[in-house]
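Asker: Before anything else, here's the structure in question.
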């Protein structure tokens with residue numbers, strides 16, 4: 001069985017899996033990211049994770065299902081980090097609204113300006129506060145999970161989040177009236 005051979009570190013079995021399943025994983029990632037390079041990177045990451053965690057492969061779940069589950073998790077993680085979100089939005093907007101080239105250029109400039117302002121505001125946060133904010137908003141950890149990971153109290157996490165949000169509101173309110 002291929003899974004057993006991979007679990008035992010058989011590189012040839014792993015290479016065979018890569019040859020037979022890469023296209024399926026790539027297509028899945030391409031469909032969900034709408035970007036060839038991102039999809040290729042994700043496909044490679046899936047196989048890297050399979051190899052690195054080969055001892056934990058399930059004997060009862062089909063290998064293709066395990067591959068696509070890992071791909072789905074990686075895509076979700078990238079969406080959470082915002083790496084794919086803008087690409088998918090741009091592709092969707094272009095395909096579904098017929099935005100003109102001038103509009104697209106204007107939107108890109110506005111998005112770049114917004115991203116720059118956000119990054120500048122984030123860089124001005126104290127490092128610990130920024131770390132707490134990113135754990136909450138990017139990695140979507142609960143306050144309890146953040147407190148446990150950083151070995152601090154939940155009250156400290158809450159306090160730092162209040163301060164981070166207040167700071168970002170002050171810096172970015174002119175851009176968004178709803179912050």
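Asker: Would you say residue 52 is surrounded by fewer than 17 Cβ atoms within 10 Å (Cβ to Cβ) and more than 20 Å from residue 76 (Cβ to Cβ)? Steps first, answer last, please.
Answerer: Values: surrounded by fewer than 17 Cβ atoms within 10 Å (Cβ to Cβ): yes; more than 20 Å from residue 76 (Cβ to Cβ): no.
So residue 52 fails the test.
Asker: Moving on. Go through segment 126-146 and give me each residue that's over 17 Å from the mean Cα position of the chain (by Cα) and under 20 Å from residue 166 (Cβ atoms).
Answerer: Going through segment 126-146, the residues over 17 Å from the mean Cα position of the chain (by Cα) turn out to be 126-130, 132, 142-146.
Scanning segment 126-146 gives 126, 127, 128, 129, 130, 132, 143, 146.
Asker: Test each condition in (1) closer than 20 Å to residue 3 by Cα; (2) modelled with pLDDT under 85 for residue 100 and report the one that comes out false.
Answerer: Looking at each condition in turn, residue 100 falls short on (1).
Asker: Take residue 2 and tell me if it is in contact (Cβ under 8 Å) with a residue 12 or more places away in the chain and within 15 Å of residue 69 (Cβ to Cβ).
Answerer: no
The values are calculated or read from the model by the stated rules, or taken from the named source; none is laboratory data. Being a predicted model, the structure only gives us computed values, none of them experimental. Don't worry about glycine lacking a Cβ; one is built from the backbone with ideal geometry, like all the others, and counts go over all protein chains shown.
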